[in-house]
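Contents: one structure, followed by commentary.
The values are calculated or read from the model by the stated rules, or taken from the named source; none is laboratory data. Just so we're clear, the structure is a prediction, and the values are computed from it rather than from any experiment. Glycine also receives a Cβ, built like all others from the backbone with ideal geometry; neighbour counts cover every protein chain displayed.
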Amino acid sequence: MSFAIAIAGLAFLILIHEAGHFFVARAVRMRPRRFYLFFPPALWKTTRNGIEYGIGAIPLGGYVKIPGMHRPAARDLTAHLDAAVDEAPGLARPVELAAAALDAERFDEARAALADLRAAVVRQSLSEPAERRAEKGITEIEHALSTDAYCSAPV
């Protein structure tokens, strides 16, 4: 019984803490992408207004995912697309173009290059893990470059 009370108390503290991150981000016009109590795998989740809310299975914490907590760089992109480039060498050039734009901090150019890269990934015949990882990497970089990301917020 006391163990359950301790877990419930911890869950309440985590909820209050993570809600602080969430509501402050919303107040300064950032749009968090995820709000979770506990850690994945998800026991329950739903998406509303582009934000995924969920409860994880591991009661050790929680998180709010706010994109752009650091400026996206080429290494962020290449880390996610290395397997895809190994399977489809034709992706190397689109990855290089997007990576160069990210490193030069030409973010409008990077957004366009990411759209071209996404189309190139779709055209390739990749294994499911490589395709899923590439898609995740492109999406995370796109979110980090969005106007409602942390690194785009005014000081």
Subject >> Among (1) in contact with a strand residue (DSSP E or B) (Cβ under 9 Å, 6 or more places away or on another chain); (2) more than 30 Å from A110 (Cα to Cα); (3) exposed (fewer than 15 other Cβ atoms within 10 Å of the Cβ), the one test that T47 misses >> reply: (2)
**OP:** Go over the candidates R106, R111 one by one and state the one that is out of contact with any Lys or Arg (no Cβ under 6 Å at 6 or more places or on another chain), basic (K, R) and within 23 Å of I51 (Cβ to Cβ).
**Re:** R111
Subject >> Residue among A99, A112 that alone is in contact with a helix residue (DSSP H, G or I) (Cβ under 9 Å, 6 or more places away or on another chain) and either in contact (Cβ under 8 Å) with a residue 24 or more places away in the chain or in a strand (DSSP E or B) (or both) >> reply: A99
Original post:
Here are some residues: D116, D86. Which one is surrounded by fewer than 16 Cβ atoms within 10 Å (Cβ to Cβ), outside the structural domain of R26 (by TED's automatic domain parsing), charged (D, E, K, R) and in contact with a Pro (Cβ under 9 Å, 6 or more places away or on another chain)?
Top reply: D116
Original post:
When the residues of region 119-146 are filtered to those that are free of Cβ contacts under 8 Å to residues at least 12 places away in the same chain and farther than 11 Å from P67 by Cβ, which remaining residue is surrounded by the fewest Cβ atoms within 10 Å (Cβ to Cβ)?
Top reply: E128
Original post:
Any residue in region 3-26 that is outside any helix (DSSP H, G or I) and either among the small types (G, A, S) or not assigned by TED's automatic domain parsing to the domain that holds A113 (or both)?
Top reply: no
Original post:
So is A74 at pLDDT below 95, more than 29 Å from F22 (Cβ to Cβ) and of a type in the set (A, V, I, L, M) or not?
Top reply: yes
**OP:** Given the conditions (1) surrounded by 19 or more Cβ atoms within 10 Å (Cβ to Cβ); (2) modelled with pLDDT under 90; (3) over 30 Å from A120 (Cβ atoms), report the number of the one that G68 does not fulfil.
**Re:** (3)
